[in-house]
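Heads up: the structure comes next, in structure tokens.
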Amino acid sequence: MDIAIIGAGNVGTALAGALRRAGHHVTISAKTKDHATHVAQATGTGSAGSNKDAIDGSDVVIFAVPETSFDDLVTELGEDLAGKVVVDVSNRPTPDASGTGTSAAEELQARLPDASVVKAFNTAFATRQADPNVGGVSADGYVAGDDDVAKEKVLRLVESIGFRPVDAGSLAVARTLEGMAWLNISRNMQGGTWQDAWVLLGPDSRS
């Protein structure tokens, strides 16, 4: 797939490298052209001088930025994202301090009615996005979305970099996924290794 990643921090860098190793064509953009170029050189991917240039011709656009950046990105790219699959990787503290009772992904979908927003990768730390293998077991890659075609595309993407793809259901389930992520973040803020990952186990879960 042709994938654009907006954001070149720990998450954007980890996903860029993993997706490139899986054989995808990746273009990354950042706040500055120099930063995007540096990360692209480090990960063997391409870079773009602007977010608009990055998403041109892409199959999937990954927002690897905090949800506080969404307003600016929607203002900048809204029309250009029409018809595209947009993957939200963000998390916010849980309980939701804003009191909205919804998820960042649902709010992004409301701002991008002509795009298909899918929640994915947010329950895994950057260390696991780069390498989903946990002691010989593939970490779970949860994917939530309302557009079945878009969700299936992201499930294939998740699987291609080594996660066990898990269809978590509708985009509303992003509320649960963001809570799962924050639980893991909170635990590791207390002295963890930032290597943990979610893995559901059961009699038939790994057959």
The relative contact order of the chain, taking Cα pairs under 8 Å that sit 6 or more residues apart, comes to a percentage of 18
For Lys33, the aspartates and glutamates lying under 12 Å Cα to Cα, once residues fewer than eight places off in the same chain are dropped, come out as Asp53
If one builds a Gaussian network model of the chain from Cα atoms under 10 Å apart, the most fluctuating residue listed among Asn133, Asn91, Asn122 is Asn133
In terms of the charge dipole of the chain, which places +1 on Lys and Arg and -1 on Asp and Glu at the beta carbon, the residue among Thr43, Leu73, Ala4 farthest towards the positive end is Thr43
Summing -39500 (n - 2.57) over every DSSP H run of at least 4 in the chain, dividing by its residue total and rounding to the nearest 500, the 222 nm mean residue ellipticity is -11000 deg cm²/dmol
Protection proxy (average C-beta count within 10 Å per residue), highest first, orders 78-85, 145-152, 113-120, 63-70 as 113-120, 63-70, 145-152, 78-85
Cα-Cα pairs in region 2-189 separated by more than 26 Å, as a whole percent of all pairs, come to 24
If each K or R counts +1 and each D or E counts -1, the residues other than Val60 whose Cβ falls under 15 Å of its Cβ total -2
Computed for region 2-189: size of charge dipole around the Cα centre, +1 on C-beta of each Lys and Arg, -1 on C-beta of each Asp and Glu, debye to nearest 20, value 700
Sorted by chain and then number, the residues having a modelled amide H within less than 5 Å of the amide H of Ile5, at least 5 places away or on another chain, are Thr27, Ile28, Ser29, Ile62
Of the listed pairs Lys31/Lys52; Lys52/Lys151; Lys84/Lys119; Lys31/Lys119; Lys31/Lys84, those with alpha carbons more than 18 Å apart are Lys52/Lys151; Lys31/Lys119; Lys31/Lys84
Charge tally for neighbours of Ala48 with beta carbon under 9 Å away, counting Lys, Arg as +1 and Asp, Glu as -1, is 0
Net charge (Lys, Arg +1; Asp, Glu -1) of residues whose beta-carbon lies under 13 Å from that of Asp80, Asp80 excluded, is -3
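Quick note: the coordinates plus some simple rules give every number you see, no bench work behind them. Quantities reported herein were computed from a predicted structural model and do not represent experimental measurements. Counting neighbours? That spans all protein chains shown, and the Cβs are built from the backbone with ideal geometry, glycine included.
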